[in-house]
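A.B. asks: Structure in structure tokens, see below.
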Amino acid sequence: MDFQSCVNINKEWDIVGARQIGRDFARKIGFGTVDQARIATAISELARNIYLYAGTGKICFETIEEIDHKGLVILAMDDGPGIPEISKVMEDGYSTSGGLGAGLPGVKRLMDEFDIVSEQGKGTEIKAVKWVR
């Protein structure tokens with residue numbers, strides 16, 4: 001994959017920057033305002049998780065085009081502690097921060113494709129894709 005833009009997540013303010021860049025990408029690709037909001041929400045959640053649990057990481061954006069449709073790939077990567085039990089964090093309502101965010105299950109619902117790879121002590125990589133309807 002050839003990412004067109006990445007945002008480093010080092011401080012809380014970077015979450016806002018990542019959201020804005022993702023929304024801009026979504027608008028340029030042709031997503032409507034509702035899907036732009038869904039994408040921005042998913043980015044917020046992914047960036048906040050990096051900030052809260054890994055400390056630093058990055059969110060990358062890539063536009064993809066296939067014969068019959070185009071979309072946006074969001075890749076969230078960090079070198080944090082990793083997620084010990086992925087199945088647990090994918091349960092609705094599960095929170096380690098006490099937050100009311102949608103969490104990773106919410107990101108999965110907001111996007112069309114969702115994949116998570118995490119290794120303890122090595123970090124986490126989450127790939128989410130949204131297709132233009």
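A.B. asks: Take region 111-133 and flag every residue that is touching a residue at least 24 places away in the same chain (Cβ under 8 Å), in a strand (DSSP E or B) and touching a strand residue (DSSP E or B) at 6+ places or on another chain (Cβ under 6 Å).
C.D. replies: Filtering region 111-133 down to residues touching a residue at least 24 places away in the same chain (Cβ under 8 Å) leaves 111-112, 116, 118-133.
This time we only want the ones that are in a strand (DSSP E or B), so: 116, 118-119, 123-131.
Answer for region 111-133, where residues must be touching a residue at least 24 places away in the same chain (Cβ under 8 Å), in a strand (DSSP E or B) and touching a strand residue (DSSP E or B) at 6+ places or on another chain (Cβ under 6 Å): ILE116, SER118, GLY123, THR124, GLU125, ILE126, LYS127, ALA128, VAL129, LYS130, TRP131.
A.B. asks: Sticking with this one: Consider ALA76 against the criteria (1) under 21 Å from ALA18 (Cβ atoms); (2) loosely packed, with under 12 Cβ neighbours inside 10 Å: it satisfies all of them except one. Which criterion is unmet?
C.D. replies: (2)
A.B. asks: Of all residues being among the hydrophobic types (A, V, I, L, M, F, W, C) and exposed (fewer than 15 other Cβ atoms within 10 Å of the Cβ) in region 92-133, which is modelled with the highest pLDDT? Just the residue, please. Outline the logic, then answer.
C.D. replies: Step one: filter region 92-133 for residues among the hydrophobic types (A, V, I, L, M, F, W, C), giving 100, 102, 104, 107, 110-111, 114, 116-117, 126, 128-129, 131-132.
Still in the running and exposed (fewer than 15 other Cβ atoms within 10 Å of the Cβ): 100, 117.
Numbers: LEU100: 51, VAL117: 95.
The residue in question is VAL117.
A.B. asks: Now for a different question. Being surrounded by fewer than 12 Cβ atoms within 10 Å (Cβ to Cβ) and over 21 Å from GLU12 (Cβ atoms) narrows it down to one residue among ILE86, ILE67; which is it? Steps first, please.
C.D. replies: Values: ILE86 fails: surrounded by fewer than 12 Cβ atoms within 10 Å (Cβ to Cβ).
When all the criteria are applied, what remains is ILE67.
A.B. asks: All but one of (1) closer than 17 Å to ASP115 by Cβ; (2) free of Cβ contacts under 8 Å to residues at least 12 places away in the same chain hold for THR33, so report the exception by its number.
C.D. replies: (1)
A.B. asks: Name the single residue, out of those in region 1-34 being farther than 20 Å from ASP79 by Cα and open to solvent by less than 20 Å² (accessible area, probe 1.4 Å), that is modelled with the lowest pLDDT.
C.D. replies: Selected residue: ILE29.
The values are calculated or read from the model by the stated rules, or taken from the named source; none is laboratory data. No experiment lies behind these values; they were computed from the predicted model shown. So basically every Cβ, Gly included, is an ideal-geometry build from the backbone, and we count neighbours across all protein chains shown. When the accessible area is computed, the model is the full protein with side chains, heavy atoms only, and any ligands, DNA or RNA have been set aside. Shrake-Rupley method; radii C 1.70, N 1.55, O 1.52, S 1.80 Å.
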